[in-house]
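Trainee: One structure is given below, represented as structure tokens, and several questions about it will come after.
The values are calculated or read from the model by the stated rules, or taken from the named source; none is laboratory data. Quick caveat: nothing in here was measured; it's all calculated off a predicted structure. For neighbour counting, all protein chains shown are included, and Cβ atoms are generated from backbone atoms with ideal geometry for every residue, glycine included.
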Amino acid sequence: MSRTFLYCRVSTSGQFTENQVQEVKAAGFDVQASRVIEETISGSTTAKERPGFQKLLDRMESSDVLIVTKLDRLGRNAMDVRQTVEHLAATGIRVHCLALGGVDLTSAAGKMTMQVLGAVAEFERDLLIERTQSGLKRARAEGKRLGRPEAKATTDAVQKLKARDMTQIEVASELNIGIATVKRHWNKGKAFILSQA
């Protein structure tokens, strides 16, 4: 007899999984509280590296059903989602996604849906990269300086304290900045001396 499990994931501790649980109940699925796995972990972490998801896999058996509200609960990108669904399908577990009308992602229609979504995601990613590169090229052609602005005030402050024979740690403490920031500005002494001339 198949059992129904629910996997709920949020990225930060300021978010809550209750909405996902309510959404599944509203869709007519009856999931026992003991079969609801809730996890707070970044979506950038692959499903196989998530402790809660691993706990879920340990409990599920062939013919069980896994419900998620959205595909991004399962993985960080289309490839990760596809691999996760394929792994679950290989063990006989069906996967239903509410955002896709409750379609079983392990069925023929679900596989086709996954392929279409993967192609769209790849197309969007390629377009984004193309637009970003075009924008950077245009900005360079217009003579715009890219990246963070130079922190001249920080360099000046570090160099003044360095000239008073303070150590890097003392300078960091005095300016209330990190030691890595001090080190970045520490050897800009020649530029500082020239700017003061």
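Trainee: Report yes if residue 46 is under 27 Å from residue 118 (Cβ atoms), surrounded by fewer than 18 Cβ atoms within 10 Å (Cβ to Cβ) and touching a residue at least 12 places away in the same chain (Cβ under 8 Å), otherwise no.
Mentor: For residue 46, the condition - under 27 Å from residue 118 (Cβ atoms), surrounded by fewer than 18 Cβ atoms within 10 Å (Cβ to Cβ) and touching a residue at least 12 places away in the same chain (Cβ under 8 Å) - is met.
Trainee: Hey, could you check segment 160-171 for residues that are of a type outside the set (Val, Ile, Thr) and not in a helix (DSSP H, G or I) and say which is nearest to the chain's Cα centre (by Cα)?
Mentor: Among residues in segment 160-171 that are of a type outside the set (Val, Ile, Thr) and not in a helix (DSSP H, G or I), the one nearest to the chain's Cα centre (by Cα) is 166.
Trainee: Pairs, please: C-beta under 7 Å, at least 6 apart or cross-chain, first residue more than 21 Å from residue 8 (Cβ to Cβ) and in contact (Cβ under 8 Å) with a residue 40 or more places away in the chain and in segment 63-91, second of a type in the set (Gly, Ala, Ser) and part of a loop (DSSP other than H, G, I, E, B)?
Mentor: 63/2; 63/92
Trainee: Any idea which of (1) under 27 Å from the mean Cα position of the chain (by Cα); (2) among the acidic types (Asp, Glu); (3) surrounded by 12 or more Cβ atoms within 10 Å (Cβ to Cβ); (4) not assigned by TED's automatic domain parsing to the domain that holds residue 28 is the one residue 124 doesn't satisfy?
Mentor: (3)
Trainee: With respect to residue 66, is the statement that it is out of contact with any Cys (no Cβ under 8 Å at 6 or more places or on another chain) and in a helix (DSSP H, G or I) true?
Mentor: No: the conditions fail for residue 66.
Trainee: Another question, then. Taking the condition of being without any contact (Cβ under 8 Å) to a residue 12 or more places away in the chain and among the acidic types (Asp, Glu), how many residues in segment 14-37 meet it?
Mentor: Selection size over segment 14-37: 1.
Trainee: Then there's this: Limited to segment 75-110, what total is found for residues that are surrounded by fewer than 17 Cβ atoms within 10 Å (Cβ to Cβ), charged (D, E, K, R) and modelled with pLDDT under 85?
Mentor: Counting residues in segment 75-110 that are surrounded by fewer than 17 Cβ atoms within 10 Å (Cβ to Cβ), charged (D, E, K, R) and modelled with pLDDT under 85 gives 1.
Trainee: Against the definition (touching a Lys or Arg at 6+ places or on another chain (Cβ under 7 Å) and under 30 Å from residue 19 (Cα atoms)), how does residue 102 come out, yes or no?
Mentor: No.
Results for (1) over 30 Å from residue 90 (Cα atoms); (2) among the aliphatic types (A, V, I, L, M); (3) free of Cβ contacts under 8 Å to residues at least 24 places away in the same chain; (4) assigned to a loop (DSSP other than H, G, I, E, B), shown as yes or no for each residue.
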| site | (1), (2), (3), (4) |
| --- | --- |
| 109 | no, yes, yes, no |
| 119 | no, yes, yes, no |
| 125 | no, no, yes, no |
| 140 | yes, no, yes, no |
| 146 | yes, yes, yes, yes |
| 154 | yes, no, no, no |
| 158 | yes, yes, no, no |
| 173 | yes, no, yes, no |
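Trainee: Mind listing whichever residues of segment 26-41 are exposed (fewer than 10 other Cβ atoms within 10 Å of the Cβ), over 17 Å from residue 95 (Cα atoms) and of a type outside the set (Ser, Thr, Tyr)?
Mentor: 26, 33
Trainee: Another question, if that's okay. Take segment 9-43 and flag every residue that is within 16 Å of the chain's Cα centre (by Cα) and within 17 Å of residue 75 (Cα to Cα).
Mentor: Within segment 9-43, 9, 10, 11, 12, 39, 40, 41, 42, 43 qualify.
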